[in-house]
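Student: Got a structure for you, questions after.
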Amino acid sequence: MTSAHHVSEAGGHGQDLPELERRRFLFVTGKGGVGKTTISGALALAFAARGKRVLVAMCNTKERLSAILGTRPIGQEVAHVAERVWAVNISPERALREYGEMVLKVRAAADLVFDNKYTRTFFRAVPGMFEWAMLGKAWFHTTELLEDGSPRFDVVLLDAPATGHGMDMLRVPRVILDVAPPGILRRDAEAAWAMFQDPARSGVVVVTLPEEMPATETVELVSEVRGELGLPVHRLIINGVLPPLFSPEERRALLADPARLDIQAPTRAAHTAESAIVAGARRAMRESVQRESLARLRRELDVPTVVLPFLFDEASTVAGTRMLAERL
């Protein structure tokens with residue numbers, strides 16, 4: 001792994017990832033479609049290979065982790081999915097009920113509250129309640145202990161919602177501290193927020209792609225996380241980096257004719273020698289955008305950065321996830 005100012009297009013193997021795995025809670029976020037779930041799975045396998053017990057917590061999502069880890073579908077119960085790796089897909093309603101049972105301590109009383117359609121409607125209407133239910137449950141798993149007093153999980157990875165919703169979720173504990181009266185809810189929010197702010201125990205991992213829009217959103221996201229929220233950003237993971245096929249001179253030559261990038265160009269060039277040139281021009285443009293995006297991320301973000309390769313046939317497969325885990 002290299003610093004943000006020394007990332008090559010080809011990427012490199014990590015040297016300081018053990019520093020990352022010493023955190024108890026990691027919030028994995030980024031723009032939708034950048035591969036957050038794949039990276040969460042790969043990080044879990046990488047940490048587990050170093051002897052850590054890892055929980056991957058997902059937020060009421062259309063679950064994909066089982067496909068990339070090769071396991072049965074992952075539901076609302078914590079399930080063992082790989083050696084030293086567990087996973088759960090958190091339902092906000094279920095998490096809120098579990099929290100209520102812990103607070104009320106009497107199952108019958110919890111049933112009265114959470115089986116009531118009016119209180120269920122009320123909970124859905126309270127801003128941030130479901131976000132806190134999911135975030136709070138993920139945080140709670142960092143507090144669980146085994147019979148010998150050791151942590152049930154050494155690391156909890158929260159596969160967070162995409163950028164906007166993810167930021168809303170991170171804001172919730174601070175909102176609770178601003179508005180909630182003294183009590184169990186405020187106490188737990190204080191404990192969670194203290195952990196999230198502590199760079200030795202927690203932090204944010206931002207996943208992006210070497211493309212213009214994701215790069216722009218990533219610069220804004222890191223600024224918000226560090227500025228507005230005051231939370232540590234420990235890693236930027238740039239996913240899906242293509243190996244360059246062309247030299248700068250070759251790229252310029254291929255891009256000299258703008259018509260090669262026209263939407264109709266592949267159809268016009270079909271079954272002719274020009275088709276290879278059109279395909280080359282499109283790849284050259286992608287490489288140029290990638291190069292510019294990487295340069296911008298290096299220039300504007302002072303974050304330790306990992307570059308991961310674009311996976312062709314292995315994308316979203318067990319083999320591909322294990323390949324990324326080895327790179328990590």
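Every number in this text was worked out from the coordinates using simple rules, so none of it is lab data. It should be emphasised that the depicted structure is a prediction, and the values quoted were computed from it without experimental measurement. FYI the Cβ positions are ideal-geometry reconstructions off the backbone, even for glycines, and counts take in every protein chain you see.
Student: Taking Cα atoms, how many degrees apart are the long axis of helix 36-49 and the longest axis of the chain, rounded to 10 and kept between 0 and 90?
Tutor: Approximately 70 degrees, to the nearest ten.
Student: Using the 10 angstrom Cβ neighbour count as an exposure proxy, how do HIS165, HIS271 rank, fewest first?
Tutor: HIS271, HIS165
Student: OK, next. Mind putting together the pair-distance distribution for the chain? All Cα pairs, 10 Å bins, whole percent per bin, short to long.
Tutor: 5, 24, 30, 21, 12, 6, 2, 0
Student: Here's something else I'd like to know. Ratio of the range 158-271's C-alpha Rg to 2.2 N^0.38 Å, to two decimals? Mind dumping the intermediate values first?
Tutor: Values: Rg = 22.1 Å, N = 114, 2.2 N^0.38 = 13.3 Å.
Output field value: 1.66.
Student: With the crude spin-label approximation of a point 7 Å out along Cα→Cβ, what separation in nm comes out for SER275 versus ALA253?
Tutor: So the label points at SER275 and ALA253 sit 2.3 nm apart.
Student: Can you tell me how much longer the chain between LYS62 and ARG268 gets when fully stretched, taken as 0.36 nm per residue apart minus their C-alpha distance, in nm with one decimal? Mind showing how you got there, number by number?
Tutor: On the way: separation 206, 0.36 × 206 = 74.16 nm, distance 3.97 nm.
Result: 70.2 nm gained on full extension.
Student: Could you compute Rg(Cα) / (2.2 N^0.38 Å) for the range 257-306, with N its residue count?
Tutor: Rounded to two decimals, the normalised Rg is 1.60.
Student: Can you grab the distance from the C-alpha centre of the range 21-52 to the C-alpha centre of the range 226-275, Å, no decimals?
Tutor: Answer, in whole Å: 27.
Student: Determine, from the Cβ-Cβ distance of ALA319 and ARG291 and an R0 of 30 Å, the FRET efficiency 1/(1 + (r/R0)^6), rounded to the nearest 0.05.
Tutor: With a Förster radius of 30 Å, E is 0.60.
Student: In addition: Mind sorting MET129, MET58 by how few other Cβ atoms lie within 10 Å of their own Cβ, fewest first? Walk me through the numbers before you get to the answer.
Tutor: Values: MET129 15, MET58 24.
Going from least to most buried by this count: MET129, MET58.
Student: Turning to a different aspect of this structure: Relative to the longest principal Cα axis of the chain, at what angle does helix 163-179 sit, 0 to 90 degrees, rounded to 10?
Tutor: So the helix axis and the longest Cα principal axis differ by about 30 degrees.
Student: Using the number of other C-beta atoms within 10 angstrom as an exposure proxy, rank PHE310, PHE196, PHE47 with the fewest first.
Tutor: PHE310, PHE196, PHE47
Student: If you don't mind, another one. Taking 1 over the mean of 1/r across every pair of different Cα atoms in the range 147-224, what Kirkwood radius in Å do you get? Numbers along the way, then the final one.
Tutor: Values: mean 1/r = 0.0674 Å⁻¹.
Evaluated over the range 147-224, this radius sits at 14.8 Å.
Student: So what's the angle, to the nearest 10 degrees on a 0 to 90 scale, between helix 318-327 and the longest Cα principal axis of the chain?
Tutor: 90
Student: Testing the spin-label approximation: label points 7 Å from Cα along Cα→Cβ at ALA162 and ALA49. State their distance in nm.
Tutor: In this crude label model, ALA162 to ALA49 measures out at 3.0 nm.
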